Amino acid sequence: MLHARFSIRAIARELALSPSTVSREILGTYMGLPVNTAQRTASRRRCSQRVGKIVGNSSLQGLVRDHLNQRRSSRQISKRLHAE
């Protein structure tokens, strides 16, 4: 398909893969670049743990809990917190 001048997106659609996956495979196969290195780096970034805003801030946690107890939606809580 690549030799027939199909675009990466067309190849990805035909194979039911994401265009980025097809692109990485093409780079690794035809240009000799280390595909596994890029995949490992992407996986490592995706799995890195970080503390969320609410978990790391006890006063914010209390505000959100109070709003939830008042049966407010997440959108309502967000708007109220931005207004404060």
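When residues of segment 46-76 are filtered for being outside any helix (DSSP H, G or I) and either of a type outside the set (Lys, Arg) or out of contact with any helix residue (DSSP H, G or I) (no Cβ under 7 Å at 6 or more places or on another chain) (or both), how many remain?
As a first pass, look at segment 46-76 and keep what is outside any helix (DSSP H, G or I): 48-57, 70-73.
The next check asks that each one be either of a type outside the set (Lys, Arg) or out of contact with any helix residue (DSSP H, G or I) (no Cβ under 7 Å at 6 or more places or on another chain) (or both); those that pass are 48-52, 54-57, 70-73.
Qualifying residue count for the region: 13.
Every residue, every condition in (1) at pLDDT 75 or above; (2) within 15 Å of the chain's Cα centre (by Cα); (3) within 30 Å of LEU81 (Cβ to Cβ); (4) of a type outside the set (A, V, I, L, M, F, W, C), yes or no:
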| position | (1), (2), (3), (4) |
| --- | --- |
| THR21 | yes, yes, no, yes |
| TYR30 | no, no, no, yes |
| ASN36 | no, no, no, yes |
| ALA42 | no, yes, no, no |
| CYS47 | no, yes, yes, no |
| VAL51 | no, no, yes, no |
| ILE54 | yes, no, yes, no |
| LEU60 | yes, no, yes, no |
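The values are calculated or read from the model by the stated rules, or taken from the named source; none is laboratory data. The structure displayed is predicted, hence computed values, not measured ones. A quick note on method: Cβ atoms are made from the backbone with ideal geometry, for glycine too, and the neighbour counts reach across all protein chains shown.
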